[in-house]
1. Within segment 90-105, take every residue that is touching a residue at least 12 places away in the same chain (Cβ under 8 Å) and outside any strand (DSSP E or B) and give me the one that is surrounded by the most Cβ atoms within 10 Å (Cβ to Cβ).
2. Of the residues L111, L123, L90, only one is among the hydrophobic types (A, V, I, L, M, F, W, C), modelled with pLDDT of 95 or more and closer than 27 Å to K20 by Cβ; which?
3. Would you mention how many residues in segment 36-53 are farther than 23 Å from T18 by Cβ and either in contact with a Cys (Cβ under 7 Å, 6 or more places away or on another chain) or not charged (D, E, K, R) (or both)?
4. Those residues that are in a loop (DSSP other than H, G, I, E, B) and at pLDDT 95 or above, I need them from segment 39-79; list them, please.
5. Consider segment 30-62. How many of its residues are of a type in the set (D, E) and either surrounded by 15 or more Cβ atoms within 10 Å (Cβ to Cβ) or in contact with a Lys or Arg (Cβ under 9 Å, 6 or more places away or on another chain) (or both)?
6. How many residues does segment 80-89 contain that are of a type in the set (A, V, I, L, M, F, W, C) and part of a strand (DSSP E or B)?
7. Consider V117 carefully, then state whether it is in contact (Cβ under 8 Å) with a residue 12 or more places away in the chain and either crowded, with 18+ Cβ neighbours inside 10 Å or under 18 Å from M1 (Cβ atoms) (or both).
Amino acid sequence: MPSIVVDMGTLTTEPLVTEKRNAKVKPSLIMVDNVDALADSELTFQDIFNTDASIVAATGAAVAAVAGQVVNRLRINVSMAACVSIRDELEDIKFLGGAQVLREEAGAPALDGGCHVTLGYDLE
């Protein structure tokens, strides 16, 4: 199981896994260490992928390609001075492309180098 650890002090949206051609990213572990953070962390795990141009079979209408399509897959709140580990809740979550995490405070993107996010994953 590969894993990655990022701290949320450089970017408000940190890339976790890049898109893998013909594979889905299946998270097996998410751990958030917010012990040294200066505030509560609102984290949104997002699926980011590119779509190809296609034709809608029923109507024959063309659909344009979209680069950087973002879909929210999971949102968690972690209190200041807390550490959270999630495994069982991830059973139905899959990222079609790459995975990234967005950190917010009170609904606005915010940096905090004391917030560390670990993602363990498998490829399907």
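The values are calculated or read from the model by the stated rules, or taken from the named source; none is laboratory data. Since the model is a prediction, treat every value here as computed from it, not as a measurement. Cβ atoms come from the backbone with ideal geometry, glycine included; neighbour counts cover every protein chain shown.
1. Initially, segment 90-105 is screened for residues touching a residue at least 12 places away in the same chain (Cβ under 8 Å), giving 90, 93-105.
Subsequent filtering for residues that are outside any strand (DSSP E or B) retains 90, 93-94, 96-97.
Working: L90: 19, I93: 17, K94: 15, L96: 17, G97: 23.
This residue is G97.
2. Details: L111 fails: closer than 27 Å to K20 by Cβ; L123 fails: modelled with pLDDT of 95 or more.
Exactly one residue qualifies, and that residue is L90.
3. Residues that pass the stated criteria total 4.
4. Here is the first cut: in segment 39-79, the residues in a loop (DSSP other than H, G, I, E, B) are 39-40, 52-53, 56-61, 64-65, 79.
Answer for segment 39-79, where residues must be in a loop (DSSP other than H, G, I, E, B) and at pLDDT 95 or above: A39, D40, S79.
5. Pass one, segment 30-62, residues of a type in the set (D, E): 33, 36, 40, 42, 47, 52.
Checking the rest, the ones that are also either surrounded by 15 or more Cβ atoms within 10 Å (Cβ to Cβ) or in contact with a Lys or Arg (Cβ under 9 Å, 6 or more places away or on another chain) (or both) come to 33, 40, 42, 47.
Of the residues in segment 30-62, 4 are of a type in the set (D, E) and either surrounded by 15 or more Cβ atoms within 10 Å (Cβ to Cβ) or in contact with a Lys or Arg (Cβ under 9 Å, 6 or more places away or on another chain) (or both).
6. To start, the set of residues in segment 80-89 that are of a type in the set (A, V, I, L, M, F, W, C) comprises 80-84, 86.
Still in the list and also part of a strand (DSSP E or B): 83-84, 86.
Total satisfying the criteria: 3.
7. Details: in contact (Cβ under 8 Å) with a residue 12 or more places away in the chain: yes; either crowded, with 18+ Cβ neighbours inside 10 Å or under 18 Å from M1 (Cβ atoms) (or both): yes.
Here the answer is yes, as V117 does meet what is asked.
For every residue, the table says whether it meets (1) farther than 21 Å from M31 by Cα; (2) in contact with a Leu (Cβ under 7 Å, 6 or more places away or on another chain); (3) not hydrophobic (A, V, I, L, M, F, W, C).
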{"residue": "Q46", "(1), (2), (3)": "no, yes, yes"}
{"residue": "T51", "(1), (2), (3)": "yes, no, yes"}
{"residue": "T59", "(1), (2), (3)": "yes, no, yes"}
{"residue": "I76", "(1), (2), (3)": "no, yes, no"}
{"residue": "R103", "(1), (2), (3)": "no, yes, yes"}
{"residue": "L111", "(1), (2), (3)": "no, no, no"}
{"residue": "G120", "(1), (2), (3)": "no, yes, yes"}
